[in-house]
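Take a look at the structure set out below.
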Amino acid sequence: MKFPKKKEKHSELHLNEKKEIVYSTKKYILLTILAVFGVFVLTSLLLICMTLRYYLETAAIPQAVASVVLENVQVSQPDGSEKSLAQYILDEYIQDDRITVEEVQEVLHEGTFSDFATVLAEKYNQYLTEGGEFPEIEAQEFIALLEENTDLIYEKTGLRFLDPDKQKLKENLNHPLDTLNHMLESYMYKGVKGFFLRIAVSFWVEIVLALLMGALLAWMIIISIRGKKKIGTAFKAYSISATLPCTIVFMGGLLMAWLMELIHLPGELGTALRGRTVTFSGIGILICIFLFCFGMLWNLITTNSTSAGTAPETKPSSKNMDMPAPLDHTQPLPVIPETPKRQFCRFCGKKLVSPDALFCYHCGKAQDSEHLILKEISHE
């Protein structure tokens, strides 16, 4: 009855043992690459979301639009060329050879057209932060803008917009404004682009992204442990993979004015939005540097503690065992007493011929033990 109890106890101990999970080198490298890619994507998304939400909450985009100099704005043409906004207005909407580009530029500079653009930017900013009905640009708003600047236009150009002119302008603006509204609505309200834009400016999305990045760090630590690597290696790999998107955004912030002009937008927009972009990405770079240094310090501490806890055992080598111990020249050599030489035969007692004689002259017996043995063997 006792033996089954012992077997049950042994089986319970066997089941309670936890098998250590060890990743092979190939699996460790593959999982690490996936984790690094995930950190790169999540860091990029988090930077974009934080930057956009800050722009909307602080009304940075309307402020940037207000800083744009309208007479310097370039309008892209279907053939790839560019025109100034004044030249574009003169070619498309003013059919009078007496009006010059310089006069149109003066109207743009002194009128309330920049304020009109700022108001439009504020409407879109409010829509993205608070929701509601999508704000569409209507041709009647431009007619009201011209009526507001009627005196300035007459003073600079000598033109007066009569009702037929306003009606024709309204008809000409309907198609391009419909195209513009459709494009803006697809980016901000409808479709996949609008969906992701509304999500990107949500605070809760930033919380989810931050939690996912923390989970990825924990996963990379588990991968390092199961891959028989030091935990600090996970921190170093995490920081390096997060540094790359932070550096890209940082450089993009510094070159934002050039990038805006590259996509045919006013460079003043990039200059106004550059500061916060550089700030967020710069903070991210500093955090990555801290994590990298923390990983190096962790590896250093664990290495020192491991070497201190397990002292190396000194094993005598076969070479040292075969070698004689070195002589200590500081100690005096031991004095070996001289053996007194034999004068008489130890068998017959008669005097030997010489003290070094090996055999007795009288009895013939060997005086040394070695020779005595040899003599006995020879007699046998």
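Observations, loosely collected:
- Globularity index of the range 123-268, i.e. its alpha-carbon radius of gyration over 2.2 N^0.38 Å: 1.73
- Each principal axis of the Cα cloud of the range 44-149 was taken in turn, and the coordinate range along them, longest first, works out to 53, 31, 24 Å.
- A straight chain from Glu92 to Thr279 at 0.36 nm per residue would run longer than the Cα-Cα distance by 63.1 nm.
- Protein-only accessible surface order, largest first, of Tyr23, Tyr55, Tyr187 at 1.4 Å: Tyr187, Tyr23, Tyr55
- Residue list for the range 216-245, given a label point 7 angstrom along the Cα-to-Cβ vector of Val22 and an amide N cut-off under 13 Å: 226-229
- Here the spin labels are modelled as points 7 Å beyond Cα on the Cα-Cβ line, and at Ser67 and Asp79 they lie 3.5 nm apart.
- Long-range HN-HN contacts of Lys365 with modeled amide H, under 5 Å: Cys360
- Computed over the Cα atoms of the range 17-98, the ratio of the radius of gyration to the Kirkwood radius (Rg/Rh) comes to 1.43.
- Accessible area per residue was computed with a 1.4 Å probe on protein heavy atoms; Met183 scores about 90 Å².
- What the Cβ-Cβ distance of Phe294 and Tyr187 gives, at R0 = 25 Å and to the nearest 0.05, is a FRET efficiency of 0.05.
- Over 23 Å between alpha carbons, listed pairs Lys83/Lys123; Lys27/Lys229; Lys123/Lys193; Lys170/Lys190; Lys193/Lys236; Lys123/Lys156: Lys83/Lys123; Lys170/Lys190; Lys193/Lys236; Lys123/Lys156
- Each residue was assigned an accessible area with a 1.4 Å probe, and for Lys229 the value is about 100 Å².
- Remark on Val73: its backbone amide H falls under 5 Å from those of Leu85, a criterion applied only to residues 5 or more positions apart or on other chains, H modelled at 1.01 Å from N.
- Fraction of accessible area attributable to carbon and sulfur, the range 121-253 (%, probe 1.4 Å): 62 percent
- For Asp151, solvent-accessible area (1.4 Å; no DNA, RNA or ligand), Å²: 120 Å²
The values are calculated or read from the model by the stated rules, or taken from the named source; none is laboratory data. Bear in mind the structure is a predicted one, so any value in this text is a computation, not a measurement. Heads up, the Cβs are rebuilt from the backbone with ideal geometry, glycines too, and the neighbour counts pull from every protein chain shown. Areas reflect the complete protein model, heavy atoms only, side chains present, ligands, DNA and RNA absent. Shrake-Rupley method; radii C 1.70, N 1.55, O 1.52, S 1.80 Å.
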